[in-house]
Amino acid sequence: MTSIPTASSSPEDRTSSPERISSSDRLSPPGPRSSPEQISSLQLEAEQLRATAGRLREQVAELEVRARARPRIALAEGILVERYRLAHAQEAFVLLRRASQHANIKLHQLAAAVVRTPGPAPGAERWLPERAPHALPSLAALEAGTLDVRNQGEVLGAALHRVLSVTGTDMGNVQLLEDDVLRMAKHAGHPRHFTDYFAFVDGNTSCSRAAEAGSQVTVKEVASSAGFDDETRRVILTSGSRACHSIPLVDERRTVHGVISSHHARPLIGFTQAQLRELHAAGRTMGEWIRWHQETVLLDALEDLHRLALAGQA
């Protein structure tokens, strides 16, 4: 039989006479306690370090946004410089900024439209003279009342609110699909480290799977799901989310334009068929609206950009 190792039980080890205890073996008296002033100073230093860490995270996230957007903007600037005989790229940037602000769209979205849209004919007063108008799709499925339909932020916010109402949570986000990457465009209830981490997504999440499949995806328990890598799972769990549901924004042509996801503080059992139908209707409505926005508001911004550039040549 194998014996369990134990401490030595020799007489010498069981007892120790006072003369065998060295001064170094005796317990040292406790050191002086920290004063209230020292404790307060340490707490203040800790708060300052946390604030610095938060600012650094924000700066890193902003740098990533700029790094992703800058090549597209630089390409658009080069096109505009050549097309309108501008003196330098800064003039092109000013045109992009003015037109994007007037249309209330992101500058990088307008820059992408400049890059992918064939330019106007030489000397033409309009960029797209034969552009046909597109009918505005109904937004009734969002149950949001009167909306400024040209305002992307307002409509995305209404869609997010509708999804969160149907799914019964206050955490969620909207991501738009741009160059095969999901970009965070609207969010509610998430801490900063969540929105920074998921500012751009191209895999390893339920939202990316919903975008790829063009169908709703439910993760009933994030902690045990095989659909996340360890770091992604950690970020989701530490943000207070234990489950999530993603709805693709798909137009009638089956083109996916983005994803809306709800996040839940407790594991999910699932949703009723009625809830899934309402979520599908919201996703289809938003898919149609995003296509309308791209074919109307975004192209109107190109026309405005063209007019501004021609006016600068006069």
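The values are calculated or read from the model by the stated rules, or taken from the named source; none is laboratory data. Predicted model only: the values in this text are computed from it and were never measured. Cβ sites come from the backbone with ideal geometry, for glycine too, and all protein chains shown count toward neighbours. For accessibility, only protein heavy atoms count, side chains too; no ligands or nucleic acids. Shrake-Rupley method; radii C 1.70, N 1.55, O 1.52, S 1.80 Å.
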- region 124-170: radius of gyration and largest Cα-Cα distance (Dmax), Å: 15.6, 52
- Message: Can you compute log10 of I(q)/I(0) for region 93-155 with the Debye formula, treating each Cα as one identical point scatterer, at q = 0.23, 0.24, 0.28 Å⁻¹?
- Response: -1.13, -1.15, -1.22
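So which GluC sites (Glu not before Pro) in region 227-294 end up in coil per DSSP with only 10 or fewer other C-beta atoms within 10 Å?
Working: sites: 231, 252, 278, 288; in loops: 252.
Those satisfying the criteria are 252.
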- Item | Solvent exposure of region 272-314 as accessible area per residue, Å², 1.4 Å probe | 41
- Note on the structure: The simple spin-label model distance between residue 102 and residue 40, using points 7 Å out along Cα→Cβ, in nm, is 5.8
- Extension gain (nm, one decimal) between residue 223 and residue 131, 0.36 nm per residue minus Cα-Cα: 28.1 nm
- Message: Which one, 110, 141, 156, is farthest towards the positive end of the dipole of region 88-164 when Lys and Arg carry +1 and Asp and Glu -1 on their Cβ?
- Response: 110
- Ranked by accessible surface with a 1.4 Å probe, highest first, in what order do 184, 286 come? 184, 286
- Message: Using only the Cα atoms of region 100-203, what semi-axes does the equivalent ellipsoid have when each is the square root of 5 times a gyration tensor eigenvalue? Give whole Å, largest first.
- Response: 31, 20, 11
- Note on the structure: Where a ≥ b ≥ c are root eigenvalues of the Cα gyration tensor, a/c under 1.5 meaning rounded, otherwise prolate if a/b exceeds b/c and oblate otherwise, region 175-229 counts as oblate
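Give the Kirkwood hydrodynamic radius (Å, one decimal) of region 248-289, defined as one over the mean of 1/r across all pairs of different Cα atoms.
Values: mean 1/r = 0.0894 Å⁻¹.
11.2 Å is the Kirkwood radius here.
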- Task: Work out how much length residue 47 to residue 188 would gain on full extension: take 0.36 nm times their residue separation and subtract the Cα-Cα distance, in nm to one decimal.
- Result: 48.2 nm
